[in-house]
Amino acid sequence: MLRKILIALGLVAALATGTAYTLRPTKITPAAIASSVTHTPALIERAWHLPAAAAYKHTLAWQTNGSKCGPATLANVFRSLGEPASNENWVLAGTGLCPTGMCMMGLTLDQLAEVARKRTSRKVTVLRDLSPEAFREQLRRSNDASRRYTINFTRKPIFGGGGGHHSPIGGYLEAEDLVFVLDVNHDFQPWLIERERLYAAMDTLDGPKKRGMLLIE
C-alpha cells in the first residue's frame, strides 16, 4: 500500500513541476522515429568514424528500462573511455538512487553530473543555458577524442511525443550541420539531427532548470 501511495505522489509531483521523465512515456512509433531524424546508412557510418564516436566501437549498451537512460548514458561513456566495469548497476552503486531498479521520474542533469563525479576522476562540467552559438562551439569540440558529451533533451519537439531523455553525443558532422546522437534506447538506435532542432529540444525546462549537456574530460 505504501508503495502505491509513493508512486501516486511521485506522479502528482511530476505533473505539477513539469519534470521531464515519466515511467510510461508516450509511445513513439517506428514510422515517427524514421520520419523525424536521419538514419541514412552512409551518413551514420561516417558519423561512427568521428573521433569520439569511434571509441564506442559501433556498440551501445541499451537502457534496461524507460527510467534508466541517464545511468545507461554514463555506462556507455565510461566504457568508451576505458573506465572499469561500466554498466548501469556499477554507475548507480552507492549513490542511493534508483533503489528499486527504477529511477522515479528519471535523473535530472544535475543528478547525473553528481553520479558521474562519484564514478570518475575526470572533470565533469554541467553546460546549461547555452546560446545557439555556444552550443555549436561545444559540438565542434565534441569531435575531440579526449572529450565526451552527453545531452539531456525532450523528445517531443523532435518526435512529436515522449519525455525527457539522456544520451551520449557521438560527434558533429559540421559540413552537414548534423549532430550524432547515440540514443541508448534500443527502439531509436543512433541517429543524426540538424543542430538547430536538437538545440530546441535541449533548450527546454526540466522542472525549474533548463536541460543541457555534460562534458566529461
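Listed values, structure above:
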item	result
First in region 132-149 and surrounded by fewer than 20 Cβ atoms within 10 Å (Cβ to Cβ), second anywhere and in a loop (DSSP other than H, G, I, E, B) and not basic (Lys, Arg), Cβ under 6 Å, 6 or more apart	143/50; 147/217
Among (1) touching a residue at least 40 places away in the same chain (Cβ under 8 Å); (2) assigned to a helix (DSSP H, G or I); (3) within 22 Å of residue 114 (Cα to Cα), the one test that residue 91 misses	(1)
Looking only at region 65-86, and only at residues there that are without any contact (Cβ under 8 Å) to a residue 40 or more places away in the chain and polar (S, T, N, Q), the one that is farthest from residue 112 (Cα to Cα)	65
Selected residue (criterion: surrounded by the most Cβ atoms within 10 Å (Cβ to Cβ)) from residues of region 175-212 that are assigned to a loop (DSSP other than H, G, I, E, B) and aliphatic (A, V, I, L, M)	184
Qualifying positions in region 129-153 - in a helix (DSSP H, G or I) and either over 14 Å from residue 198 (Cα atoms) or over 18 Å from the mean Cα position of the chain (by Cα) (or both)	132, 133, 134, 137, 140, 141
Residue 129 being among the acidic types (Asp, Glu), out of contact with any helix residue (DSSP H, G or I) (no Cβ under 6 Å at 6 or more places or on another chain) and under 23 Å from residue 185 (Cβ atoms)	no
Scope region 157-174; condition more than 18 Å from residue 48 (Cβ to Cβ) and either assigned to a strand (DSSP E or B) or touching a residue at least 60 places away in the same chain (Cβ under 8 Å) (or both); matching residues	158, 159, 160, 161, 162, 163, 164, 165, 166
Filtered residue count, region 85-123, keeping only those that are out of contact with any Gly (no Cβ under 9 Å at 6 or more places or on another chain) and within 15 Å of residue 213 (Cα to Cα)	6
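Residue by residue, here is whether (1) surrounded by 13 or more Cβ atoms within 10 Å (Cβ to Cβ); (2) in contact with an Asp or Glu (Cβ under 9 Å, 6 or more places away or on another chain); (3) under 13 Å from residue 183 (Cα atoms); (4) of a type outside the set (D, E, K, R) holds:
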position	(1), (2), (3), (4)
29	no, no, no, yes
36	yes, no, no, yes
43	yes, yes, no, yes
52	yes, yes, no, yes
63	yes, yes, yes, yes
76	yes, no, yes, yes
80	yes, no, no, yes
85	no, no, no, yes
91	yes, no, no, yes
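Condition check ((1) touching a Gly at 6+ places or on another chain (Cβ under 8 Å); (2) at pLDDT 95 or above; (3) among the charged types (D, E, K, R)) across all residues:
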position	(1), (2), (3)
153	yes, yes, no
156	yes, yes, yes
161	no, yes, no
180	yes, yes, no
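The values are calculated or read from the model by the stated rules, or taken from the named source; none is laboratory data. Treat the numbers as computed from the prediction; the structure is a model and nothing was measured. When we count neighbours, we look across all protein chains shown, and the Cβ atoms used for this are built from the backbone with ideal geometry, even at glycine.
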